[in-house]
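Below is one structure; the comments refer to it alone.
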Amino acid sequence: MNNRLDYFKQSPQASNKLVELTMQLSKKPLLADLAHLIMLRASQLNGCAFCVDMHVKEAKIHGERELRLHHIAVWRESQLYSPIERAALAWTEALTQLPSHGVPESLYADVREQFSEQDLSDLSFLIVAINGWNRLNVAFQAVPGSSDEVFGLTKANLY
């Protein structure tokens, strides 16, 4: 299997801006701990095998427990996530699968109990970024694991 096209090569400025945005947001103190879970869950929902592969490996390298990675698809039924993680995952799902009548006020109120306005704004931009990556990688059929060397993901030892 090969990529349909290399969007980094074809649109380097846009690609690098999306990298910059993602990296900037992922380094924010609150988001640094949540980013892998958020990006993994959005990628699962979008069916992006490249990103699921990448974010599992990144999370493992950064010390995330394997059971939590396995439970992310069923996070509502799992006892392994904190209230702030649950709020972030609920918000991720809502912004990834936009409801036809918008994001419910009740969900917004629940999320605001866990996040400041600044943190919720940053979280939302991170969700926008991963959804963008997912759409690019699904559209151009990015091959899972094909960038492991470039991103240093071989350190995850998941082969």
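The residue pairs whose first member lies in the range 45-66 and is over 17 Å from D148 (Cβ atoms), whose second member is part of a loop (DSSP other than H, G, I, E, B) and of a type in the set (A, V, I, L, M), and whose beta carbons are closer than 9 Å, counting only pairs six or more residues apart or on different chains, are R65/L80. Counting only helices (runs of 4 or more DSSP H) wholly contained in the range 1-48, the ones carrying 1 or more residues that are polar (S, T, N, Q) and at pLDDT below 95 occupy 7-10, 12-26. Can you confirm whether the range 73-91 contains a residue that is closer than 30 Å to R4 by Cα, within 12 Å of the chain's Cα centre (by Cα) and surrounded by 17 or more Cβ atoms within 10 Å (Cβ to Cβ)? Scanning the range 73-91, I find no residue that is closer than 30 Å to R4 by Cα, within 12 Å of the chain's Cα centre (by Cα) and surrounded by 17 or more Cβ atoms within 10 Å (Cβ to Cβ), so the answer is no.
Taking the range 118-151, which residues are open to solvent by less than 20 Å² (accessible area, probe 1.4 Å), in contact (Cβ under 8 Å) with a residue 60 or more places away in the chain and of a type outside the set (S, T, N, Q)? Explain how you work it out, then say what you get.
From the range 118-151, those open to solvent by less than 20 Å² (accessible area, probe 1.4 Å) are 120, 122-123, 126-127, 129-131, 134, 137, 142, 148; that's our starting set.
Adding the requirement that they be in contact (Cβ under 8 Å) with a residue 60 or more places away in the chain leaves 122-123, 126-127, 129-131, 134, 137, 142, 148.
Listed by number, the residues that qualify are D122, L123, L126, I127, A129, I130, A142, D148.
Taken over the range 4-19, the criterion of being surrounded by 14 or more Cβ atoms within 10 Å (Cβ to Cβ) and either in contact with a helix residue (DSSP H, G or I) (Cβ under 7 Å, 6 or more places away or on another chain) or within 29 Å of A73 (Cβ to Cβ) (or both) is satisfied by Y7, F8, S15, L18.
Where helices (runs of 4 or more DSSP H) sit wholly within the range 69-159, none has at least 3 residues that are within 22 Å of M54 (Cα to Cα) and among the basic types (K, R). Listed conditions (1) surrounded by fewer than 13 Cβ atoms within 10 Å (Cβ to Cβ); (2) free of Cβ contacts under 8 Å to residues at least 40 places away in the same chain; (3) within 16 Å of the chain's Cα centre (by Cα); (4) over 19 Å from A156 (Cα atoms) are all met by H70, apart from (4). Of all the listed residues (E85, E66), the sole one being at pLDDT below 95 and touching a helix residue (DSSP H, G or I) at 6+ places or on another chain (Cβ under 8 Å) is E66. T22 falls short of the stated requirement of being surrounded by 15 or more Cβ atoms within 10 Å (Cβ to Cβ), touching a residue at least 40 places away in the same chain (Cβ under 8 Å), more than 23 Å from G152 (Cβ to Cβ) and not aromatic (F, W, Y).
The values are calculated or read from the model by the stated rules, or taken from the named source; none is laboratory data. Note that this is a predicted model, so its numbers are computed, not measured. Cβ coordinates were reconstructed from backbone atoms using ideal geometry, including for glycine residues, and neighbour counts include every protein chain displayed. These area figures cover heavy atoms from the full protein model, side chains too; ligands, DNA and RNA do not enter into them. Shrake-Rupley method; radii C 1.70, N 1.55, O 1.52, S 1.80 Å.
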